[in-house]
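Report on the following structure.
What follows draws every value from the coordinates through simple rules; no lab data is involved. This one's a predicted model, so the numbers in the text were calculated from it and none came from an experiment. All Cβ positions, glycine included, derive from the backbone under ideal geometry; neighbour counts span all protein chains shown.
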Amino acid sequence: MVIAIYNISSTSARVSWPSSPTCIDTFYSVMYDPNWNSLFMGYKRKSFMHEDRIPVSQTSTHLANLLPQTAYFLCVTCQAANPVREQCQVFSTLSDSSEGHDRAGWELAMAVWLICCILLLVIASILLWSCLNNICILPGQAAARHPDVIGEDPGHGHLDGELDPATHGELQKELSEPQLGEVTALLQGL
């Protein structure tokens, strides 16, 4: 049985269902309850707080005096039967102030907030990864990244103030007189 719930406000709702030719009783039983224990205790008629009896000739009813912003568990069945899962539906009433107009704005704000949080998390992750990748260099990785500066042997290399002659041969050359003259002429031309 497909139950349709529509025209939901803060204190009322409209419920409709298809007629059941197998229902020989004189009325339908529309049971609803804001207490979700009825769902967990099984579908028993006595576990529902509210029950409206609707003549078999009708297939809809108006529920009134509902609580605002409340989720309801509703079942429609023939009077003598306990409801089954297919005969039940869950719906929520609106808030007192909005009557549905403010709900779309609230949902939009929640979506924007969620997207901003996800973007912030992605940006923070990228920044953290780049900082850790550049700052936290393990000793084995340091030699692999800069083999010409840091030698495997801590007694040799750039950090001790000595230059490795094989790697930094070009830095050990002294400027000769012709090179110094070329630099001076170049600077005077500017």
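Values for this structure:
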{"quantity": "Stretchable slack from Leu132 to Ser57, in nm (0.36 nm times residue separation minus alpha-carbon distance)", "calculated": "19.7 nm"}
{"quantity": "Phi-based couplings in Hz for the range 51-62 (Karplus 6.51, -1.76, 1.60; Gly and Pro marked x)", "calculated": "9, 10, 9, 10, x, 4, 5, 9, 10, 7, 7, 10"}
{"quantity": "In range of the label at Ile24: residues from the range 1-18 whose backbone nitrogen is under 12 Å from the point 7 Å along Cα→Cβ", "calculated": "none"}
{"quantity": "Local electrostatic count, Tyr72, Cβ distance below 15 Å [Lys/Arg +1, Asp/Glu -1]", "calculated": "-2"}
